[in-house]
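Notes follow the structure.
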Amino acid sequence: MRRAEIVRETKETKVRLSVDLDGTGVCALSTGIGFLDHLLDLLARHARFDLRGEVEGDLHVDFHHTTEDVGIVLGQAVRRALGDMRGITRYADVHLPMDETLTRVALDISGRPFLVFRTSFPTQKIGLFDTELVREFFQAFASNAAVTLHVETLYGENSHHIAESCFKGLARALRAAVAIDPAAAEQIPSTKGALGV
Ligand SMILES: [Mn+2]
């Protein structure tokens with residue numbers, strides 16, 4: 001069972017989140033931030049991960065802590081659910097089109113955290129959501145899932161479409177990279193014989 005649950009509590013947020021990497025794409029998670037809930041729903045659906053939990057954040061301050069901390073906890077949960085990463089495909093890359101927008105996401109479940117994020121937004125807000133928080137989420141996720149993640153929006157004009165293409169792209173890349181490689185199901189996909197140590 002590739003499942004894990006993480007509970008993280010600070011003065012700013014309290015996050016309980018469970019992930020099943022071999023789910024059906026259910027998302028039963030409410031952050032109090034409408035657009036972030038929408039993006040997490042897309043992530044779960046397109047990765048076919050089941051995400052469940054509760055999030056309480058200091059939304060009276062702004063959306064920063066909550067968005068970042070959900071990224072931290074999701075990253076930690078994915079990393080724990082992967083275990084020793086035996087048999088995974090490890091690498092994946094997708095080009096995710098969303099109407100006029102095209103975003104490329106390349107992923108290596110390397111055990112080494114690194115983010116390249118070359119995406120900019122034509123607006124500062126999508127509804128009440130600050131577009132600068134998309135990078136914060138990706139940084140928190142990549143750092144805590146210990147993956148090498150390259151995200152680049154090649155072109156796009158609508159901030160909603162751009163944010164969606166980043167999250168759907170991450171989802172599709174995760175789905176492919178965590179998939180078990182039938183040709184090497186019992187092997188750690190590294191000449192080092194171990195990942196993330
Ligand atoms: Mn949408």
Expressed in µm² per second, the diffusion coefficient of the chain from the Stokes-Einstein equation, with Rh the Kirkwood radius over alpha carbon pairs, at 37 °C and 0.692 mPa s, is 197 µm²/s
Given 180-188, 133-141, the highest-first ranking by average Cβ count within 10 Å works out to 133-141, 180-188
The correct ranking of HIS150, HIS46 by accessible area at 1.4 Å, largest first, is HIS150, HIS46
Rounded to the nearest Å, the spacing of the alpha-carbon centers of region 83-118 and region 2-26 is 20 Å
Applied in sequence order to region 129-135, the curve 6.51 cos²θ - 1.76 cosθ + 1.60 (Karplus, θ = phi - 60°) yields integer Hz couplings, x standing for Gly and Pro, of 7, 7, 4, 5, 6, 4, 4
For PHE114, other-chain or 5+-apart residues with amide H closer than 5 Å (H placed, Pro excluded) are VAL147, THR148, LEU149
Carbon plus sulfur, as percent of the 1.4 Å-probe accessible area of the chain, comes to 49 percent
Computed over the chain, protein heavy atoms only, probe 1.4 angstrom, the accessible area per residue in square angstrom equals 46 Å²
Within region 44-197, the percent of DSSP beta bridges that are antiparallel, given to the nearest 5, stands at 80 percent
The simple spin-label model distance between ARG118 and GLN187, using points 7 Å out along Cα→Cβ, in nm, is 3.2 nm
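The values are calculated or read from the model by the stated rules, or taken from the named source; none is laboratory data. None of the values given here were measured: they were computed from a predicted structure. Neighbour counts run over all protein chains shown; Cβ positions are idealised from the backbone, glycine included. Note: areas computed on protein heavy atoms with side chains; ligands, DNA, RNA excluded. Shrake-Rupley method; radii C 1.70, N 1.55, O 1.52, S 1.80 Å.
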